[in-house]
Structure formats: structure tokens, C-alpha cells
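Structure first, then comments.
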Amino acid sequence: MATLTFEVFSRFQSATDANKLLYTPIADELTYNHTRLYTAECEGDIDAARAYLRSVLVEPISQKVQEDGTPALDGELFCISYGIKKGALDLEKEAILTNYRGRKGLPFTLESLTITQKVYIFGHGDKEALSARFCNDVCNPAIHTWSVK
């Protein structure tokens, strides 16, 4: 079994005011950018799996993709990674899996797919206090799991 990762982000989006993520603004001058990290467990022809997943996950004109497992962006104060809890409905994941199931004769098996939203916060400040504040406003404990790096 092989693990494939695709961190997808816009070619045209630059970091913007992080207060857009918060219910009430803060005085710190922070910016943010976001990506989606897709992690797939596959068996069989891994090159075919990579090509199929790239064709489904990445729009090549407007998006870039990082496939080597390293973060797509750097220089952040912290990064929040969050995803849908198991058992909660993830419409994007279901759409991708429906597409996969509708294809016949693929030379690989997609064993699992995980989608993680990554929010990179840039600037200076108290990383612990700020990350707690952003997690509180961005993540919903009823449906999300998250971590901060």
C-alpha cells in the first residue's frame, strides 16, 4: 500500500487579512492563506493512481500542488490543520469517492481518502494564545478534529 499526498492551493491567492477568519477582529496584524491536503492510501498501479487523483483534485491552470509531503507554504507563525470527524458527512470526499466508484477498470484501488484543510497564519505574536483563538473561531468541535503546528 502506498500513501499519496496532494496539498492543493491557488496560484493566484496571496495571504490576506486573518481577521476575516475571526468572529471579532484582533489588533495583531496577521495574514493567512489556506490549502487542502488530500491523503490517499492506494494499492496497485501507483502512477495511475497519482495521475487519476491529480486529474480529479487539481485544476492545473489556477492551482498548484505539492506532492512530496512537505508543507506547501512556509514562514508561518502557526498552521491549523482540520478535517471532518469520522462519521460526519463530508460532501467533497463523497463526491470524489463517487467519481472513483463510477470509473471501471482502474489499475489501482483507492483504499482510503482523508481531506484536511490547512490554514497558515503569518505574522508575529503570542503563538499559543493566537492559535487557541483561531482554532476556537475556525474549527467546530461538533464536526472537526484539528491540530496546530
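The values are calculated or read from the model by the stated rules, or taken from the named source; none is laboratory data. Fair warning: this is a prediction, and the values are worked out from it, not measured in the lab. For the accessible areas, the whole protein counts, side chains as well, though only heavy atoms, and no ligand, DNA or RNA atoms are used. Shrake-Rupley method; radii C 1.70, N 1.55, O 1.52, S 1.80 Å.
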Does anyone have the angle between helix 46-57 and the longest principal axis of the chain? Alpha-carbon axes, 0 to 90°, nearest 10? 50 degrees
What figure in square angstrom, to the nearest 10, would you give for the accessible area of His34 with a 1.4 Å probe? 70 Å²
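Convert 20 °C to kelvin, take the viscosity as 1.002 mPa s, use the Kirkwood radius over C-alpha pairs of segment 1-73 as Rh, and evaluate the Stokes-Einstein diffusion coefficient in µm²/s, rounded to a whole number. Provide the component values of the computation, followed by the final result.
Working: Rh = 14.1 Å.
The estimated diffusion coefficient comes to 152 µm²/s.
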Residues whose built amide H sits under 5 Å from the amide H of Lys85, excluding neighbours closer than 5 in sequence, are His144, Thr145
Spatially proximal lysines relative to Lys118 (Cα-Cα < 22 Å; intrachain offsets below 8 disregarded): Lys20, Lys64, Lys85, Lys86, Lys93, Lys127, Lys149
Highest GNM mean-square fluctuation, the chain, Cα pairs closer than 10 Å: which of Ala40, Ala95, Ala49? Ala95
Working from Cα positions, state the angle (0 to 90°, nearest 10) between the long axis of helix 91-102 and the longest principal axis of the chain. 10 degrees
If I compute solvent accessible area with a 1.4 Å probe over the protein chains, what percent of it on the chain is carbon and sulfur? 51 percent
Computed over the chain: longest principal axis from alpha-carbon atoms vs helix 127-138 long axis, angle to nearest 10 degrees, is 60 degrees
Send over the per residue convex hull volume for segment 94-149, Cα only, as a whole number of Å³. 124 Å³
With only alpha-carbon atoms counted, please give the Rg and Dmax of segment 63-135, in Å. 16.7, 53
Quick check: convex hull of the Cα atoms in the chain, volume per residue, rounded to a whole Å³? 117 Å³
